[in-house]
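Since the structure comes first, as structure tokens, the remarks are kept for the end.
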Amino acid sequence: MQTTQHTSLPVRIGKAIGIVLLCLLITLAFLAFFSAAWYVRVYGRIGFDSVLYTLTGGLGGVSTDLVSKYLSGAVLPALLCALVVCGVLFWEGKPLVRIRRFTLFPLQRWLASVLAVALSLGLLIHAAFNVEFVQYAINSNRTGLIYQDAYVDPSTANITFPEQKRNLIYIMLESMETSYLDKGMGGALDYNLIPELTELAQDNINFSHNEYVGGFREVTGTSWTIGAMVGHTSGVHLKVPEGITDWQNGYGTQGEFLPGVTSITSILKEQGYNQALMVGSDAGFGGRETYFETHGIDAIYDLYTAWYDNTVEYGYWNNWWGFEDEILYNYAQNVITQMAQQDQPFAFTMLTVDTHHIGGYCCGQCVDQYEEQYENVISCASRQVYRFIQWIMEQPFYENTTIIITGDHCSMDRGYFNRNVDADYERHVYNCFINAAATPFQAQNRQFCALDMFPTTLAAMGCTIEGERLGLGTNLFSGRPTLIEEMGYTKFCTELSKKSQYYIDNFYGEIKEVIPTTKPTESTTG
């Protein structure tokens, strides 16, 4: 009798441990299922590389509102479902449902275990397909040769600058796309949300996929902000490296981000340019600060510098990302004015944020013109950048300054597009080149992407590029076809998604000295 009790204790402990492990598996599976569904519902299907980058990026700089929505929209239902399912599967007590001598409920232990494993696998598989992990895994295990075959190393390319170097102002408008135009102009809506941006595109140079105001398509590795920034500035798509670490999403070592890549900021630094980046949030979010520091930027202005130089009140935070675009534009005017007074040519890059998901941020300048808040925010963004351009045109440095306005990527507010845009509408990212020192061979009916913006920007500044290509990008002012035009969009994206040994060997590993940017501190600004 005592021996039976002694041997039954380990058995009971083993069963308890087994139940705990199965409950944990069920909980994690439900969490993966609801997290994937939430991610796709909020952002849309923008590729697993963006999901992976998000998972490894940490929460620094993330909106508290977004975190709370994730907790209520994914974590809470996952926990509730796991609690109910585990309770049903592993309930122990007197038989409640029986057919003859067979007990249907509570479930027999072996049957409960089989159902738990089967349910968990089903949830995990569904989540994997939902966020396109399966296709990502397949492509990541296939070797691509696009970089070996088509990449033009900017560090060895023959790039000639004009005798009088032109200034550059590069404005990245968060999530700005041509879908916001009316259908008669190639857009997706019954009305035009961005008449000011439309006017700028029509009066200047707009590279278009059609005969109206158009733009470029997203490709693999450029569908989120830092991926787009890398693509725009280097002609290289952002590929999350193998062996992910907690720090800066696994990129580089000793504080570096893609140290082997030569970007436009690297080139302009060698040409003696004074360069600055400005964002209205924490520049460190997503590795932006590290990327630009690695590639020769001289100064970075963000939420914290705005605190220290009294652009906004110390500790100001709008409960979203940092501070509004209306503050950002005033901040930019002050910094650009200072840069223009120096002897060097300057290059100023800025990123807006009010039009970020979900619904955008309504600032004091927004007008309640449309039923959708997001539309009011987009309309406000168009008016604000237009006023900013008018200010630049009034400045003495404008004559020798090229301005580029572009979206970073397509909007991630999937809910808005589900409600207002036909599912088969092909979305494109906005672009506009003002006061460019080049004339396009063909601006309309082009097929291109963010990677082509790199050599095109240099050409707009009056540079000549031997071969008209840098990175994987093509100078759109030239008559040379882009890689998308040569290969086709689908094949080009597929090749980008494959494993590239060239990318691994040349972009991740080469260590370069990082020169810290100028970032004011409380002690230096008083």
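Derivation of every value follows stated rules applied to the coordinates shown; laboratory data play no part. All values reported here derive from a predicted model rather than from experimental measurement. Reconstructed Cβ throughout: ideal geometry from the backbone, glycine too, with neighbour counts over all protein chains shown.
Mean residue ellipticity at 222 nm, helices only, the chain: -12500 deg cm²/dmol; runs of at least 4 DSSP H residues each add -39,500 (n - 2.57), and the sum is divided by the number of residues. Helix by helix, which DSSP H runs in the chain go 15 Å or more along their axis at the Cα atoms and have an average Kyte-Doolittle hydropathy of 1.6 or more? Length and hydropathy pass: 76-89.
Couplings 3J(HN,Hα) of segment 471-483, computed from phi: x, 9, x, 10, 5, 5, 6, 7, x, 7, x, 6, 5 Hz, in residue order, whole Hz [Karplus 6.51 cos²θ - 1.76 cosθ + 1.60, θ = phi - 60°; x for Gly and Pro]. Compared with the direct C-alpha span, the chain from Glu163 to Glu399 gains 83.4 nm at full extension, assuming 0.36 nm per residue. First check a/c for segment 367-505, with a ≥ b ≥ c the square roots of the eigenvalues of its C-alpha gyration tensor; if it is under 1.5, answer rounded, and if not, answer prolate when a/b is larger than b/c or oblate otherwise. Oblate. Cross-link pairs exceeding 20 Å in C-alpha to C-alpha distance, out of Lys165/Lys269; Lys69/Lys239; Lys239/Lys499; Lys239/Lys491, comprise Lys69/Lys239. Under 5 Å between amide hydrogens, built in the peptide plane, is the criterion, and for Glu177 it picks out Tyr430 among residues at least 5 positions away or on other chains. Multiplying the residue separation of Asp203 and Ala437 by 0.36 nm and removing their Cα-Cα distance gives an extension gain of 82.7 nm. Note on segment 282-331: semi-axes of the ellipsoid equivalent to its C-alpha gyration tensor, largest first and rounded to whole Å, are 20, 12, 10. Tell me whether segment 149-305 comes out rounded, prolate or oblate; compute the Cα gyration tensor, take square roots of the eigenvalues as a ≥ b ≥ c, and use a/c under 1.5 as the rounded threshold. Judged from the Cα gyration tensor, segment 149-305 comes out prolate (a/c at least 1.5, a/b above b/c). The GluC sites (Glu not before Pro) of segment 160-204 meeting both criteria, a DSSP state outside H, G, I, E and B (loop) and at most 14 other C-beta atoms within 10 angstrom of the site's C-beta, are Glu163. Across the chain, counting alpha-carbon atoms alone, Rg and Dmax equal 26.5, 99 Å.
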